[in-house]
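The structure is given below, and queries will be raised subsequently.
Where a number appears in this text, it was derived from the coordinates with a stated rule and is not lab data. A quick note: this is a predicted structure, and the numbers were derived from the prediction, not measured. No Cβ is skipped: glycine too gets one built from the backbone with ideal geometry, and neighbour counts run over all protein chains shown.
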Amino acid sequence: MRIKPFAAAALVTATALAFAGCAANETPAAGGTTGGSQTLTGVGSSAQKAAQEKWVADFQTANPNITVNYSPDGSGAGRSQFIAGAANFAGSDRPFKDDEMGAGKFAGCAADSNALNLPVYISPIAVVFNVEGVKELTFDPATLAGIFAGKITKWSDPAIAKTNPGVTLPDAAITAVHRGDDSGTTNNFTDTLNKTAPEVWTEAAADTFPAAFGGEAANGTSGVIQAVTNGKNIIGYADESQAGTLGKASILVGGKALQPTADAAAAILDHSETVPGRDANDLAYSLNRTSEGVYPAVLVSYAIVCQTYKDSSVATLVKDYVGYMASAEGQQAAAQAAGSAPLSSALQAKVKTAIDSIK
């Protein structure tokens, strides 16, 4: 029993799903799913929310006997649930670290299986703001880091005024909103601040925002967006796809003000390399955030799956569902729904090879 394929040349990435009763080496039936209903379960990245909603809708339309449940509870929750075997795949805005990897660590995987970290969603992180009377803002990295580190506390601060000539800034306190949950978006944002302004942001990248820096906490991407939307003289960070009509600040890189666009997000991978020492099919990236002319606040969000599943029918569904996510068709659908940057053809090919290797 197999599900309906989406495209003859569908290129594949990784996300793991729940149960279906068929062998992993069967040929897909052109007529789609037969037999009883099946359920696929994923937990994780709230940044992927809009893309996952589109992928799920498309997939279920083509395969009405399959229910895909994706819960955008945050990257940390996704990784934890995958480790425990409660989720068949995790959506995560960072890959597993070296010390988190290893055979036998993942309850849903075969005893000798490691995990694979596979990029499926690339998007800029927007610095969103709601400041009285202000429509546009530009920050250099040191000033942006100073705001979120609690060192710059007034909108009228000279450091902000310097990069925003002609803008009337209120003499008001800054409220900086950060994620209160364990978040891959926070990991990517704090990595950006550390890499671009290390003299100000002295903390290493972390999933949890440093409590010592203060600010207001909100859970999930939606929580940050709601706080900034309903607040006054407030700033935060979130996946650009969910920024809506909020102001989105530019970041100065090499004297050029760069906006959080899909093209800017895609460009960073051209300057980055995969983490050394991993399996050839593990595509975890170490992002180079200091390249000239590249918007630095970018997240590469992953589908985390098993190299080998305990249940081969799960592997079958992984190859089909994630195959759609990472195909040219699926990537274009996500770009239209979420404003994400489609995987390059070269990266799609690497992801396809990785998915083909799943057992």
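Classify the stretch 279-318 as rounded, prolate or oblate from the Cα gyration tensor: take a ≥ b ≥ c as the square roots of its eigenvalues, call it rounded if a/c is under 1.5, otherwise prolate when a/b beats b/c and oblate if not. Write down the numbers at each step before the final one.
Working: a/c = 5.54, a/b = 3.11, b/c = 1.78.
Verdict is prolate for the stretch 279-318.
Restrict the search to the stretch 145-222; then list the GluC sites (Glu not before Pro) that DSSP places in a loop and that have at most 13 other Cβ atoms within 10 Å of their Cβ. Walk me through the numbers on the way to the answer.
Numbers: sites: 199, 203, 216; in loops: 199, 203.
Those satisfying the criteria are 199.
Compute the Cα gyration tensor for the stretch 124-262, then decide on rounded, prolate or oblate, letting a ≥ b ≥ c be the square roots of its eigenvalues: rounded whenever a/c is under 1.5, prolate when a/b is larger than b/c in the other cases, and oblate in all that remain. Don't skip to the end; give the middle numbers.
Values: a/c = 1.33, a/b = 1.16, b/c = 1.14.
Since a/c stays below 1.5, the shape of the stretch 124-262 is classed as rounded.
Let me ask another. Assuming 0.36 nm per residue, please report the length gained on full extension of the stretch residue 356 to residue 67 beyond their Cα-Cα distance.
Values: separation 289, 0.36 × 289 = 104.04 nm, distance 2.29 nm.
Extra length from residue 356 to residue 67 when fully extended: 101.7 nm.
Length gain on complete extension for the stretch residue 172 to residue 273, per 0.36 nm per residue less the alpha carbon to alpha carbon distance?
Computed gain between residue 172 and residue 273 is 32.1 nm.
Something else about it: If each residue of separation counts as 0.36 nm, what is the full-extension length gain between residue 37 and residue 86 once their alpha-carbon separation is subtracted? Kindly include the intermediate steps, with their values, before the conclusion.
Values: separation 49, 0.36 × 49 = 17.64 nm, distance 1.93 nm.
Length gained, residue 37 through residue 86: 15.7 nm.
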